[in-house]
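The values are calculated or read from the model by the stated rules, or taken from the named source; none is laboratory data. Values in this document were obtained by computation on a predicted structure and should not be read as measured data. Reconstructed Cβ throughout: ideal geometry from the backbone, glycine too, with neighbour counts over all protein chains shown. Each accessible area value is taken on the protein alone, full model and side chains, heavy atoms only, with ligands, DNA and RNA left out. Shrake-Rupley method; radii C 1.70, N 1.55, O 1.52, S 1.80 Å.
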Amino acid sequence: VQVVESGGGLVQPGGSLRLSCTVSGFDISSKPMAWYRQVPGSQQRELVARVGIYKNTRYLDSVKTRFTISRDNGKNMVYLQMPKLKPEDTAVYYCSTDPPDTWGQGTRVTVSS
């Protein structure tokens, strides 16, 4: 099983990024998928957004009016659209199942002017 996250980078406050998660080794269509993040200095990863097998979604309160999670089962990929980014969104973002199983290397998002 392999999970590869991409799409992070440095962006100014108010900017946008789209994260992508490519999964190999299992069929994501049978599992809820989620994006998590680990902020600098923290040992914990918090669930940012979740998309169920019926494409129902759930979000962390601080992002639910801004971020959108989606899944493409045909491509075995998960996405996180992140407009209106804030400095407090700075973190390493990871993709996994919910509950989490395999972790990738993550993709770093830095929101700073």
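Structure data summary
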quantity: Residue count, segment 78-101 (criterion: open to solvent by less than 70 Å² (accessible area, probe 1.4 Å) and in a loop (DSSP other than H, G, I, E, B)); calculated: 5
quantity: Residues of segment 26-51 that turn out to be outside any helix (DSSP H, G or I), free of Cβ contacts under 8 Å to residues at least 40 places away in the same chain and of a type outside the set (Phe, Trp, Tyr), as a count; calculated: 7
quantity: Candidates Arg50, Arg71 - the one that is of a type in the set (D, E, K, R), over 13 Å from Asp98 (Cα atoms) and in contact with a strand residue (DSSP E or B) (Cβ under 6 Å, 6 or more places away or on another chain); calculated: Arg71
quantity: Test: residue in segment 59-77 that is open to solvent by less than 40 Å² (accessible area, probe 1.4 Å), under 11 Å from the mean Cα position of the chain (by Cα) and among the hydroxyl-bearing types (Ser, Thr, Tyr); calculated: no
quantity: Qualifying positions in segment 4-25 - within 22 Å of Lys86 (Cα to Cα), in a strand (DSSP E or B) and not hydroxyl-bearing (Ser, Thr, Tyr); calculated: Glu5, Gly9, Leu10, Val11, Leu17, Arg18, Leu19, Cys21
